[in-house]
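Heads up, the thing below is written out as C-alpha cells.
No value in this document is a laboratory result; all are computed from the given coordinates. Please read all numbers here as calculations on a predicted model, not as lab measurements. We place every Cβ from the backbone using ideal geometry, glycine too, and count neighbours over all the protein chains shown.
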Amino acid sequence: MVATILIGLTILVMLINLYYFFSNKQHKESYIHTSLFTKLFLIMTVVTFGFAVIYYLLSFNMDALRLNDETGRRAGNDFWDYLYFSGVTMLSIGYGDMVPMGSARFFAVVQAALGLLLPSAYFVKAFNEMGSHEKEGQGNRSDKKGEE
C-alpha cells in the first residue's frame, strides 16, 4: 500500500518536471542556451532518480530486475542497483546485464522513450529559437501581405 502511494507521488513529481520542461519559456541569451541545457540536465536527473525509486518500490512486491546470466538471480540488492539500471535505461545504453521483470518492463519502456524524446525536444526547441533569432526584423509574412 505504501509502495503504491510512493509510486504515485514519484510519478506526479516526474510529470510536474516534464510540464516545467515543456512550458513555453523563451531563452534568448545566446544560441547555446545554457539555461535550457541546465533545465534538460536537471529534468533528466530527476526523471532518472524517479524511475529508480519506482523500480526500488516495485521490488518490495516482486522481482523487478533479474540478472541476465545463466542463473537468472534477482538483481537489485540495494537502491544503487536500481539507480544504475535507471541511468542505463534513461541514456539508452542498455548493457543488458539486468533485465526488468513484470510491470517494471512497462516503466522501462516509458523511461527509454523519455530518454530519447527529452534530448530531441531540447534540440528542436533550441533550433526553433535560433531560427526565430535569425528571422527577427524580417517581419511576418501576413504583415507583408497587408503592406502590398
### Message
Through the Karplus equation 6.51 cos²θ - 1.76 cosθ + 1.60, θ set to phi - 60°, convert the phi angles of region 115-131 into ³J(HN,Hα) values in whole Hz; use x for Gly and Pro.
### Response
x, 8, 6, 4, x, 4, 5, 4, 5, 4, 5, 5, 5, 5, 5, 5, x
### Task
At 7 Å along the Cα-to-beta-carbon direction for both SER23 and VAL110, put a label point, then send me their distance in nm to one decimal.
2.2
### Query
Once the piece of chain linking ASN77 and ALA3 is laid out straight, how much longer is it, given 0.36 nm per residue of separation minus the C-alpha distance between them?
24.9 nm
### Query
Between VAL124 and ILE16, 0.36 nm times their residue separation minus their Cα-Cα distance comes to what?
36.8 nm
### Query
What is the spread of the Cα atoms of region 61-125 along each of their three principal axes, largest first, in whole Å?
45, 21, 20
